[in-house]
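The values are calculated or read from the model by the stated rules, or taken from the named source; none is laboratory data. What you see is a predicted model; the values in this text were computed from it and never measured. All Cβ positions, glycine included, derive from the backbone under ideal geometry; neighbour counts span all protein chains shown. Ligands, DNA and RNA are stripped out before the accessible areas are found, and what is left, the full protein with its side chains, is counted by its heavy atoms. Shrake-Rupley method; radii C 1.70, N 1.55, O 1.52, S 1.80 Å.
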Amino acid sequence: MPIIRMLVGLLVLFSMGLFLGSVSCVECAHAAEKKPGEELAFGPGPVLGGCGGAYFLASSGELVIDVYKRDLNHSPSFKTELRAILVGPDRQVIQEVFIPDDGKPTKGPGPLHSARLTAKVKRKGLYGLNITVSQDRYGSHIAWGFRTNCPRYCIETARGHRDRRHQEPIELYDADTAGNICFIPRAGKLKIEAWRLPKQVKELEVFDADGKSLAKMKVDSDGYATHTFSPKVPRDGRPWRLYLPAQNGSVEIDGLTRWDKGDAYPDMAIWSNDINSLFPLAEFRWLLSPYREKVYARADSKGDCEFTVFNNTQRKATVRLSLEFPDGDWPVELRDDALVLRGGERRAVKLFYRAPHKGETRSVHLRVTPDAHRDFTTYSTLTVSSKRPAESSTLKTPILLRPYESEDEAFGNHPRYPLAAQPYFDLKNRPFMRVSADKLAMLRDGVWVETNLAKAVKSWTPAQRDWKFDGSSSKVAFDRDNNVYVLSSSRDDGALLQSSDGGRTFTGYVLPQGIQGGCQYDIEQFSGHNTPDGPPPVLRCFVLKRDPSLMWRRLCRLELFVPEKDTTGRISWGKPILLSEKCLGFSFHSGIPSSIVSRGGRVHVTWAEATDPKKKVPGAPAYVATYDKKTKTLSKPVLVAHGPPANDVHNSPSITMDSRGYLHVLAGTHGQPFPYARSLKPNDSAGGWTKAVTLGKDLRQTYIGLVCTPNDSLHAAFRLWGRNEEPFPLSIHARLAYQCKPVDGEWGPAKKLVVAAFSEYSVFYHRLTIDRRGRLFLSYRYWSTHWFYRNDRFHDERRLLMSGDGGETWRFVKEDDFR
């Protein structure tokens with residue numbers, strides 16, 4: 001095999017000329033320090049900072065990748081353990097290794113450690129190397145590297161997310177070696193910037209794929225160089241090459257490491273140090289998904305499994321499909337051997353199979369190859385087993401998510417119901433899900449159907465000609481007459497959509513126009529003991545002012561609308577009721593807390609407010625106010641708790657009520673225990689509140705989901721941080737967790753339900769709902785901070801857990817649970 005110079009590691013501050021030792025590893029092994037005199041299998045190359053990974057278009061034979069890292073030891077308190085995961089074309093984890101922190105107690109670069117990952121490649125496909133580091137999601141405290149015998153590879157620089165514009169600067173640290181950054185240039189204006197260049201570097205140069213010089217970039221006395229290419233400079237789809245006389249510095253390239261609207265491949269920093277190693281990864285990312293499916297079926301039964309072919313280019317593409325049987329033929333039929341797709345089009349392809357005999361398991365590979373690049377080819381895998389896993393009425397919690405493994409595969413859970421949203425239940429306990437901005441799914445006569453809201457709205461008040469259906473809340477609400485309600489928005493305008501025929505058709509009622517810009521809407525949904533007599537109340541929140549010095553602080557106008565029906569059954573709005581002009585806003589992407597509950601003509605609303613940053617307060621104040629529909633008066637807002645820290649929009653409170661009418665509020669927090677308070681009088685926010693108490697000591701909670709069951713127990717779901725605990729003893733990690741408070745009892749301990757697949761930042765986009773029988777439903781979708789992992793996942797559906805015993809036990813929802 002050819003020797004490829006591929007080293008992504010940091011020999012920072014040193015000109016070493018070392019022969020770095022490779023360490024053979026077994027799965028989940030820890031690497032060892034190199035021994036003096038040991039030689040690497042492959043030669044040295046450029047050195048980089050930052051995290052991410054690489055992809056290898058590997059042909060049959062042995063794939064070898066040497067990975068290593070050096071701790072920079074900026075701070076001895078950081079324990080940076082590198083985790084390297086090698087996956088196959090179907091994203092089956094082949095090998096996982098860890099390279100530990102060097103344990104060096106002082107500042108400065110430590111010794112180099114290395115490990116080896118290998119794979120026996122039986123058929124050509126796209127392999128991936130995923131690199132993450134404990135306590136270092138940006139890769140700024142270590143340098144990691146790899147070398148490989150595979151001649152075709154792409155590097156993807158991909159750190160953890162930041163709460164600002166996504167950028168992935170390429171960091172280079174080898175001042176003694178010349179090298180290249182090879183990339184596909186974007187169309188249009190393109191700017192390259194480089195800084196932190198060594199003093200000996202006077203000029204950088206850019207070449208096209210044929211070696212023609214396109215520009216020379218002069219380096220100033222501060223080590224900075226830049227050049228902007230006009231849109232007139234020819235681009236033929238082939239790579240350019242930025243040549244650096246010394247590979248030390250930071251580089252930003254428009255369309256590669258930072259993106260603007262209209263860029264063909266945003267958020268993908270895909271490049272190489274070798275122009276000949278590149279292949280069109282961005283063009284054919286997500287070409288075939290899911291990467292693998294495992295189906296449990298009755299022996300000898302017939303079935304089918306759907307895959308999606310996606311054209312990520314902006315032009316028409318023809319792709320070829322074929323089947324390969326790794327363990328001998330068995331009855332599988334592919335009815336489409338070629339597809340022609342428009343740019344950006346996705347198309348479903350089904351494999352029809354007969355399940356193997358009792359107790360047997362069979363696999364088949366579905367290969368996909370684009371006509372335009374026949375050298376690029378990969379595959380997904382379908383496995384069908386008649387050995388169904390043992391049935392269990394409950395799950396063993398917590399569920400430990402594993403990289404590149406779905407819950408379907410791990411637990412044999414293959415739901416046929418929608419997974420795009422959380423369920424809400426009408427008065428007949430029929431489930432509804434807002435699966436997209438313009439679609440509402442419901443179970444009707446035992447079959448899931450979808451209503452296209454754009455077609456289902458038969459009339460608007462006032463009349464609308466161009467409603468965009470571009471967003472709004474995913475909540476679904478019901479009144480005493482079992483009418484169905486959802487919110488919709490078009491740009492900044494909001495509307496309440498009402499259906500009196502079970503969600504088949506709707507009438508749209510547009511809210512009176514408010515201030516334009518950044519509007520959010522919320523609706524009262526069922527949380528256990530509240531069902532409005534008529535149309536549900538609606539909240540509108542829009543930003544008045546943002547604080548440039550405090551990212552999460554903003555001042556918002558919060559308005560309440562209490563719709564009424566006239567004698568003809570049509571809805572009228574009346575004037576908005578001002579609640580606050582200091583509201584922090586809503587944090588609804590996770591937890592989706594309840595802002596409103598009502599009973600007997602009284603509407604109770606909770607919200608958090610911004611405070612003066614110069615004044616020390618214990619947290620964001622959570623207020624509750626009540627609007628009386630009979631007297632048309634609003635009570636004075638009551639402060640019930642503080643959710644730390646102050647001035648943080650994450651801290652949306654949640655309100656519910658019990659069967660007796662007592663109000664219960666959890667104040668939102670960002671990584672601290674939720675404070676809890678209860679009203680002293682039923683259905684009355686002005687009659688006093690219990691002193692706020694937290695749900696427990698040292699609970700790092702965020703994103704409230706809160707409901708109340710028929711026995712008046714309270715149930716909360718939230719993200720809970722863990723630190724220095726298994727399975728990530730060196731770092732923080734996220735858990736989806738749950739707590740219960742029995743009626744007249746104390747809050748119980750937090751119960752971990754789901755554990756993140758990676759350390760560092762994660763969210764679960766969880767939503768806790770309750771049906772009319774008091775069963776708990778918890779929908780979640782795992783999201784990791786690591787761009788490399790997220791960029792690889794085209795299919796990323798929700799999962800739905802339920803508890804029928806008040807949170808004691810949990811399991812995945814089955815189709816029969818909705819009937």
Viscosity 0.890 mPa s, temperature 25 °C: what is the translational diffusion coefficient of segment 418-561 from Stokes-Einstein with a Kirkwood Rh over Cα pairs, rounded to a whole number of µm²/s? 154 µm²/s
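Calculate for the chain the 222 nm mean residue ellipticity that helices alone would give, adding -39,500 (n - 2.57) per DSSP H run of length 4 or more and normalising by residue count, nearest 500 deg cm²/dmol. Walk me through the intermediate numbers first.
Details: 3 runs with 15 residues, N = 819.
Helices in the chain give a 222 nm mean residue ellipticity of -500 deg cm²/dmol.
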Compare the peptides 236-244, 102-110 by average per-residue count of other Cβ atoms within 10 angstrom and give them in order, highest first. 236-244, 102-110
Within the set of other residues whose C-beta is less than 15 Å from the C-beta of Ser363, count the net charge using Lys and Arg as +1 and Asp and Glu as -1. +2
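Could you work out how much longer the chain between Arg772 and His414 gets when fully extended? Use 0.36 nm per residue separation minus the Cα distance between them, nm to one decimal. Numbers along the way, then the final one.
On the way: separation 358, 0.36 × 358 = 128.88 nm, distance 2.52 nm.
The Arg772-His414 span can extend by a further 126.4 nm.
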One would report the antiparallel percent of DSSP beta bridges in the chain, rounded to the nearest 5, as 95 percent
Rounded Å value of the spacing that divides the Cα centres of segment 632-684 and segment 688-722: 11 Å
Projected convex hull area of the chain, Cα atoms, direction-averaged, in nm², equals 36.7 nm²
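At a Förster radius of 35 Å, what calculated FRET efficiency corresponds to the Cβ-Cβ distance of Arg491 and Thr228, to the nearest 0.05? Don't skip to the answer; put the middle values down first.
Numbers: r = 34 Å, r/R0 = 0.97.
Between Arg491 and Thr228 the formula returns 0.55.
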Each residue of segment 709-719 in order: what ³J(HN,Hα) in whole Hz does its phi give by Karplus 6.51 cos²θ - 1.76 cosθ + 1.60, θ = phi - 60°, with x for Gly and Pro? 7, x, 8, 6, 6, 9, 9, 10, 10, 6, 7
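Give the carbon-plus-sulfur fraction of the accessible surface of segment 300-373 in %, rounded to a whole number; probe 1.4 Å, heavy atoms of protein chains only.
Values: 1640 of 3920 Å².
Looking at segment 300-373 in its full context, I get 42 percent from C and S.
For Thr633 and Ser393 in the same chain, what is the full-extension length gain: residue separation times 0.36 nm, less their Cα-Cα distance, in nm? Numbers along the way, then the final one.
Details: separation 240, 0.36 × 240 = 86.40 nm, distance 5.00 nm.
Roughly 81.4 nm would be gained on extension.
What are the semi-axes of the equivalent ellipsoid of segment 539-675, taken as the square roots of 5 times the eigenvalues of the Cα gyration tensor, listed largest first and rounded to whole Å? Show your work: numbers first, answer last.
Values: eigenvalues 151, 60, 31 Å².
Over the Cα atoms of segment 539-675, the ellipsoid semi-axes are 27, 17, 13 Å.
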For the ranges 138-148, 410-420, what's the packing order if you count other beta-carbon atoms within 10 Å of each residue, average per peptide, and put the highest first? 138-148, 410-420
Quickly work out the Ser572-to-His74 label distance, labels modelled 7 Å from Cα along the C-beta direction, and quote it in nm with one decimal. 6.2 nm
Rounded to a whole %, the carbon-and-sulfur portion of the accessible area of segment 108-247 at a 1.4 Å probe is 50 percent
Residues of segment 331-352 with backbone N under 15 Å of the label point set 7 Å from the Cα of Glu797 along Cα→Cβ are 348-351
Quick check on packing: order 795-807, 616-628, 318-330 by the mean number of other C-beta atoms within 10 Å, highest mean leading. 616-628, 795-807, 318-330
At 1.4 Å probe radius, can you tell me the per residue accessible area of the chain in Å²? 41 Å²
Short version: ³J(HN,Hα) in whole Hz for each residue of segment 530-537, in order, from phi by Karplus 6.51 cos²θ - 1.76 cosθ + 1.60 (θ = phi - 60°), x for Gly and Pro, what are they? 10, 9, x, 5, x, x, x, x
Under a 5 Å amide H to amide H cut-off, with H placed in plane at 1.01 Å, what residues pair with Arg700 once short-range neighbours are removed? Trp721
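With Cβ to Cβ distances under 12 Å as the rule, what net charge do the other residues near Asp628 carry (K, R +1; D, E -1)?
Working: positive: Arg599, Arg602, Lys629, Lys630, Lys632; negative: Asp684.
Overall, the nearby charge balance is +4.
Take the Cα pairs of segment 101-148, get the Kirkwood Rh, then feed it into Stokes-Einstein at 10 °C and 1.306 mPa s and tell me D in µm²/s.
This corresponds to a translational diffusion coefficient of 115 µm²/s.
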What is the extension gain from Asp612 to Thr118, computed as 0.36 nm multiplied by their sequence separation minus the C-alpha to C-alpha distance, in nm to one decimal? 172.1 nm
HN-Hα J in Hz across segment 691-702 - Karplus 6.51, -1.76, 1.60, θ = phi - 60°, x for Gly and Pro: 5, 5, 10, 7, 6, x, 7, 6, 7, 8, 9, 8
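Round to a whole number: what % of the accessible area of segment 430-528 belongs to carbon and sulfur, probe 1.4 Å? Mind showing how you got there, number by number?
Values: 1740 of 3960 Å².
That share works out to 44 percent.
Can you check what the net charge comes to around Ser385, using other residues whose Cβ is under 14 Å from the Cβ of Ser385 (Lys, Arg +1; Asp, Glu -1)?
Values: positive: Arg292, Lys294, Arg298, Arg354, Lys358, Arg362, Lys387, Arg388; negative: Glu293, Asp300, Asp327, Glu360, Asp408, Glu409.
In short, +2.
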